[in-house]
Amino acid sequence: MIHIVADLLLAAALLFAPGLLLARVGGVRGWGAVSAAVPLSCAVIGTAELIAAAVGRAWVPWGWAVAATSTAAAACVLAVARSLRRGDRPGVRQRSGTGRIDLRVLAGAVTACLLLAAGMLAGTGSMSAPAQAFDIVFHLNAVQAIRQGGNASSLGGVAALYQGTPVYYPTVWHGTVALLPAGAALASNAMVLVVGALAWPLGVAGLLVETLDGGEPSRPDPRRRTAAALGTVLSAATVGVPTVLLGTLAVWPYALSVTCLPGVLVLALRLLRALPAGATDATDTADDGERERMASAPGPLAGTLLLVGAAGGAVLAHGAEAFNLMVLLVPLAAVLIARAVRAGGRRRRTALASLTAVAVVVLAGAWIMREALAGVLGYDRPGGSLPGTLGQALLDLPQYGPLASHGLPVGVVVCALAVVAAARVPRARPWLAAAALALCLVVVVGGPQWWGRQLGGPWYLQKARVQPLLIVPALVLAATGLDHLLRVRPGRRTLAVLTALVCAAAVGRLPLQADLVRSVHDADRIAYGTLVTPEEADFYASLGDRLPEDAVVVGAPSRGASYLLSLGGVDVVYPLRSDPTTGSAADLLAERAPDLRPGSTTCELLDEVGAEYYLRVDRAGTVWEERQAPVRWDRLVADWPTDGMEPVASTGTASLWRITACGS
């Protein structure tokens, strides 16, 4: 229990403390700082990973020191940038907004956190049990590879999992988990809980407060704060984020990047409000409301640095976030550009020059990454049903796995409130535009096959990955709709009805939230087949003490052999369920039937990969035979004969053998 609590607290500290400090130094206070904390912390961790690798320091334990140093350096830069703010001239009063946390929003955030935690814990069961899915095998072993190899850089930090071939992969998630004290399985489960039940609702709370307050945090409207609180509770009623991403789909780094979205949007709104609507010198010509909005913002320079840092952190968490930000920031960018063009003069020239510079950077980046982009845009996945996808998107039903379209359609509550805002509140139009754009993208990706569907390539043509882009603006619209209803029909009865409706929607999602998490944790209900049974997991964890430190084991990933690395710290030839690097010794070994004779090709390949042990898993005649995951490219590896081997250890369905037939 102590390990669980320690991992939860440390994971929360890593994801919030650096970013919260930077946000406050940059002039962001209250719920805005809480929301911006996660993307800024991701920027710190991702940068620290690159720095540690560059200076040759092992990420564990030096990651803590490098992250702290990076945070201090960034804080100094922000402090200097904020001191250069034009408004710091004599005679201009500065405000940083209220430092108090509104109790209504706090109550809504606590409620959402507890509901999400209850559903996720119910589905997880034992926190020490490893989750099981195709991608999870990679994520668990990436954590162990970082701990053993010391390199957490996104530029080659997980090369050990690809037969030594350096590859790019976002490692903010894995680097964070690697710093936690518990084993890879327990630490990863703690991280999942912190991201899903803490980072997501707190991020949404900050975004809703920022949106509804209209940039006047020092004069909060009680009605709007109530709407923000109820909207935050609704964040526990969505499944597209976080439980589909953290559960059945199991795209953990992508889920972390999605939880960064609200914080990035908060900082974008802050920067937008830091710029005057028209005049060149806002402090001379702005009215009181405009001065209030400008004073509560961190200032253009500090605000720009915060926004760039947060966006960079989100992209470091997962590269696809660059495309997510493009979709959601388009309406805000359009407002900003329109303001600058209307202002004329220097601001118009600056805006047009900045727009040109951005276009040049984007085109240059696209040219540099043209091969990768071509691969992404050429990704192939079967199409689906347009009406079915539209229904799933509007009702926020699961769009992936055996639980697709399951659960109560309580997403209609968010949808109905969003419609109210779209129809009655003109200031909600930018969010309506973002939601409409995201909905079109979901439908295009999830609909029938046609050439335009390749626009979803950056999301691997998975509509479940695109759905979060609809959920974020939908929650803003829903909170705006709640605010409108509380304004046009004030009174306790309206408040009671809306509170009951919101709470019913959130509570009604609990069974589905639990089932989505259970689909990767309960060995009896693993969505795409069991990889490792509880007995086998305990067996693998014990092998680390029975084998020499340099032991390498051959075994089929589809039969759970890859879990030896994350659970027992034992190196394996095949750490992933995906195919080994083409042409490598591991690839050649898997392509042929074993021939265990001295001087044979098999023995030569075993010697090249350094393997002397074989893990055999045979579940025939047990309850697991029909529940286990199907073999893939590793069919031949799964069934090596044990002639020419001597037994080392065994459990009910798994046995470890030492290969002796090849000689010394």
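The values are calculated or read from the model by the stated rules, or taken from the named source; none is laboratory data. Source: prediction; values computed, not measured. Glycine also receives a Cβ, built like all others from the backbone with ideal geometry; neighbour counts cover every protein chain displayed. Please note that ligands, DNA and RNA were not included when accessible areas were found on the heavy atoms of the full protein model with its side chains. Shrake-Rupley method; radii C 1.70, N 1.55, O 1.52, S 1.80 Å.
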| Zone residues, region 614-630, relative to T651, backbone N less than 18 Å from point 7 Å out along Cα-to-Cβ | 614-629
| said: If you average the alpha carbon positions of region 507-579 and of region 444-506, how far apart do those two centres end up, in angstrom? | reply: 35 Å
| remark: Interchain or sequence-distant (5+) residues whose placed amide H lies within less than 5 Å of the amide H of T530 are Q628, A629
| Two-site FRET efficiency, R592 against A122, from Cβ-Cβ distance with R₀ of 60 Å, rounded to 0.05 | 0.85
| query | Simple spin-label model, 7 Å along Cα-to-Cβ: A13 to A107 in nm? | reply | 3.2 nm
| task | Describe numerically, in nm with one decimal, the distance between label points set 7 Å from Cα along Cα→Cβ at R381 and at D618. | result | 3.9 nm
| task | Specify whether the C-alpha gyration tensor of region 520-584 places it in the rounded, prolate or oblate class, a ≥ b ≥ c being the square roots of the eigenvalues: rounded for a/c under 1.5, otherwise prolate if a/b is larger than b/c and oblate if not. | result | oblate
| query | Can you give me the relative contact order of the chain as a percent, contacts being Cα pairs under 8 Å and 6 or more apart? | reply | 16 percent
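When you count, for each residue, the other Cβ atoms within 10 Å and take the mean per peptide, how do 245-255, 648-658 rank with the highest first?
245-255, 648-658
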| Can you tell me the accessible area per residue over region 18-77, all protein chains present, probe 1.4 angstrom, in square angstrom? | 35 Å²
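Under the 0.36 nm per residue contour assumption, what length would be gained going from the current alpha-carbon distance of D545 and R632 to full extension?
Working it through step by step, the gained length comes to 28.3 nm.
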| Sequence-distant residues sharing a close amide H with V572 (under 5 Å, placed H) | V553
| message | Modelling each spin label as a point 7 Å along the Cα-to-Cβ direction, I'd like the W367/H406 distance in nm, to one decimal. | response | 5.0 nm
| What dipole magnitude, in Debye to the nearest 20, does the chain give about its Cα centre under +1 on Lys/Arg Cβ and -1 on Asp/Glu Cβ? | 4020 debye
| remark: Taking r as the C-beta separation of D524 and T582 and R0 as 51 Å, the FRET efficiency to the nearest 0.05 is 0.90
| request: Filter the DSSP H helices in the chain by two things, a Kyte-Doolittle mean of at least -0.5 and an axial alpha-carbon span of 27 angstrom or more, and list the hits by number. | output: 2-25, 30-54, 59-83, 103-124, 321-343, 345-368, 463-488
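Do you know the relative contact order of region 445-545, to the nearest whole percent, from alpha carbon pairs under 8 angstrom that are 6+ apart?
Once normalised by length, the contact order is 10 percent.
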| task | Of the options V413, G508, V532, report the single residue whose Cα projects farthest towards the positive end of the charge dipole of region 413-545 (beta-carbon charges: Lys, Arg +1; Asp, Glu -1). | result | V413
| said: What's the ranking of 466-478, 53-65 by average number of surrounding C-beta atoms within 10 Å, highest first? | reply: 466-478, 53-65
| message | What is the distance in Å between the Cα centroid of region 1-65 and that of region 375-400? | response | 34 Å
| Cα centroid of region 101-149 to Cα centroid of region 175-195, whole Å | 8 Å
| request: Would you work out which of W200, L14, A268 lies farthest towards the positive end of the dipole of the chain? Charges go on Cβ: Lys and Arg +1, Asp and Glu -1. | output: A268
| request: Compute the FRET efficiency between R493 and A338 as 1/(1 + (r/R0)^6), taking r as their Cβ-Cβ distance and R0 = 41 Å, and round to the nearest 0.05. | output: 0.50
| Which of the cysteines in the chain are isolated, no other cysteine C-beta under 4.7 Å? | C42, C76, C113, C260, C415, C440, C503
| said: If I stretch the segment between A73 and V358 completely, what's the gain in nm (0.36 nm per residue apart, minus their alpha carbon distance), one decimal? | reply: 99.9 nm
| query | For region 343-501, what is the accessible area per residue in Å² when the probe is 1.4 Å? | reply | 53 Å²
| note | The percentage of the accessible area of the chain (probe 1.4 Å, all protein chains present) made up of carbon and sulfur atoms, to the nearest whole number, is 63 percent
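Please report the relative contact order for region 296-438, taking Cα pairs under 8 Å with a sequence separation of at least 6, and give it as a percent rounded to a whole number.
Values: 56 pairs, mean separation 30.5, N = 143.
Averaging sequence separation for qualifying contacts and normalising by length gives 21 percent for region 296-438.
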| field | Accessible-area ranking of R453, R427, R492, R635, largest first, probe 1.4 Å | value | R492, R635, R427, R453
